[in-house]
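One structure below.
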Amino acid sequence: MQSPLKNKWVLITGASSGFGAAAAQAFGAAGAKLLLGARRVDRLEKVAALAKQAGAAAAQVHELDVSQTVSVETFMAWAKGKIGRGKSASGQLHVLINNAGGAHSMDSVRDSQDADWETTFQTNVLGLLRVTRAALPLIPHEAGASIINLGSVAGRVAYANAAAYCAAKAGELQITKVLRHELFGTGIRVSTVDPGLAETEFSVVRFKGDVAKANALYEGTNPLVAADIAEILVWVASRPPHVNIDEMVVKPVDQAEMGKVFRRTKK
Ligand code: NDP
Ligand code: 8X3
């Protein structure tokens, strides 16, 4: 059976690593046409080449910094030029994946820096809003189009040393719900996919390049990997047009709740 995503335009933010890069492969394998954004264009080009090998009908890349309104507007003007103004479904943006984001520290409120809080909100909250605002005119008001936001279990459960990140992802969840109201009747679907522990570059970024510290987080346990989430994003976007997966929480079997991670002892 042909994928409903074949030849459809899919825009992925934060496509240079982790979930976003894996999503490019997965949507590529479904025959989609990809618009990929992130700050590291060299990485995006490699991701695009792999996505084409996987079956993408097109894979175009452009620099994008979601924390800068000008960058978002420049990116979306480029995207508009790529997809054209045609009225056919293949001439409009069928899926928007708001994935760019992450955490920028692991400190108590007392010990945190403004810069880390600001980056966390600029990407996960304001970036999501900016990209969505700029993309909405390109998304057809018809059944089957989707906006899928990357939330987190952190937006649902509070834990110490993560105030800004928990608040930002709680914000993402609320923005998803608001969009569901605002887009009511348009046919545009809005979803949040909220992973738990997943091994990507997320923790290396959070620990400011300390790879050993990041690796320790996953030691002895079996976390989610980027391909797990990518597969789910494709599944969410491929449901029959009348079906909206509102919210999905995805955790590894080894994570019963936020701070409860099963670890095997080393042999
Ligand atoms: P990665 O660090 O591997 O990927 C993050 C992506 O976001 C990169 O492509 C990065 O690209 C991009 N990005 C960061 N800042 C910006 C910016 N200002 N403008 C544009 N792109 C940006 O982490 P993940 O793949 O794990 O994270 C993806 C999303 O999933 C995030 O929203 C994260 O919060 C969320 N998440 C992650 C979980 C995990 O445990 N890994 C669990 C739950 C949610 P570049 O640096 O090139 O700009
Ligand atoms: C990432 C998951 O547990 O590090 O969103 O907050 S966690």
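The values are calculated or read from the model by the stated rules, or taken from the named source; none is laboratory data. What you are looking at is a predicted structure, and each value in this text was computed from that prediction instead of being measured. Glycine also receives a Cβ, built like all others from the backbone with ideal geometry; neighbour counts cover every protein chain displayed. Protein only, heavy atoms only, side chains kept; ligands, DNA and RNA dropped before computing areas. Shrake-Rupley method; radii C 1.70, N 1.55, O 1.52, S 1.80 Å.
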Pairs where the first residue, in segment 152-174, is near ligand 2 (Cβ under 8 Å from one of its atoms) and in a loop (DSSP other than H, G, I, E, B) and the second is open to solvent by 10 Å² or more (accessible area, probe 1.4 Å) and of a type in the set (A, V, I, L, M), C-beta under 8 Å, 6+ apart = 159/258; 162/106
query = If a residue has to be under 18 Å from the mean Cα position of the chain (by Cα) and either within 12 Å of residue 234 (Cα to Cα) or assigned to a helix (DSSP H, G or I) (or both) to count, how many in segment 30-44 make the cut?
reply = 5
ask   = Going through segment 179-209 one residue at a time, which ones are more than 16 Å from the chain's Cα centre (by Cα) and part of a loop (DSSP other than H, G, I, E, B)?
value = 183, 184, 185, 186, 187, 188, 207, 208, 209
task = Return the pairs, sorted by first residue and then second, in which the second residue is open to solvent by 10 Å² or more (accessible area, probe 1.4 Å) and basic (Lys, Arg), the first residue lies in segment 9-22 and is more than 19 Å from residue 93 (Cβ to Cβ) and outside any strand (DSSP E or B), the beta carbons are less than 9 Å apart, and the residues are 6+ apart or on different chains.
result = 16/39; 16/40; 16/43; 16/46; 17/40; 17/43; 21/43; 21/46
message = For segment 221-251, give me each residue that is part of a loop (DSSP other than H, G, I, E, B) and touching a Ser or Thr at 6+ places or on another chain (Cβ under 7 Å).
response = 238, 244, 245, 246
query = Condition test on residue 49, is it modelled with pLDDT of 95 or more and surrounded by fewer than 24 Cβ atoms within 10 Å (Cβ to Cβ)?
reply = yes
task = Mind listing whichever residues of segment 210-220 are open to solvent by 60 Å² or more (accessible area, probe 1.4 Å), part of a helix (DSSP H, G or I) and not hydrophobic (A, V, I, L, M, F, W, C)?
result = 213, 215
request  = From (1) over 20 Å from residue 254 (Cα atoms); (2) free of Cβ contacts under 8 Å to residues at least 12 places away in the same chain; (3) assigned to a helix (DSSP H, G or I); (4) hydrophobic (A, V, I, L, M, F, W, C), pick out the condition that doesn't hold for residue 125.
outcome  = (2)
Answer residue from segment 164-209, given it is surrounded by fewer than 21 Cβ atoms within 10 Å (Cβ to Cβ) and among the acidic types (Asp, Glu) and is farthest from ligand 1 (Cβ to nearest atom) among those = 182
note = Log entry, pairs with first residue in segment 82-111 being more than 21 Å from residue 234 (Cα to Cα) and open to solvent by 40 Å² or more (accessible area, probe 1.4 Å), second being modelled with pLDDT of 95 or more and within 16 Å of ligand 2 (Cβ to nearest atom), beta carbons closer than 8 Å, six or more apart or on different chains, reads 106/161; 106/162; 106/206; 106/207; 107/116; 107/161; 109/163
key: segment 58-76 residues that are at pLDDT 95 or above and open to solvent by less than 30 Å² (accessible area, probe 1.4 Å), paired with ones that are more than 9 Å from ligand 1 (Cβ to nearest atom) and among the small types (Gly, Ala, Ser) (beta carbon under 6 Å, 6 or more apart)   = 59/48; 59/51; 72/134; 76/134
task = Kindly indicate whether residue 120 is of a type in the set (Ser, Thr, Tyr), at pLDDT 95 or above and within 19 Å of the chain's Cα centre (by Cα).
result = yes
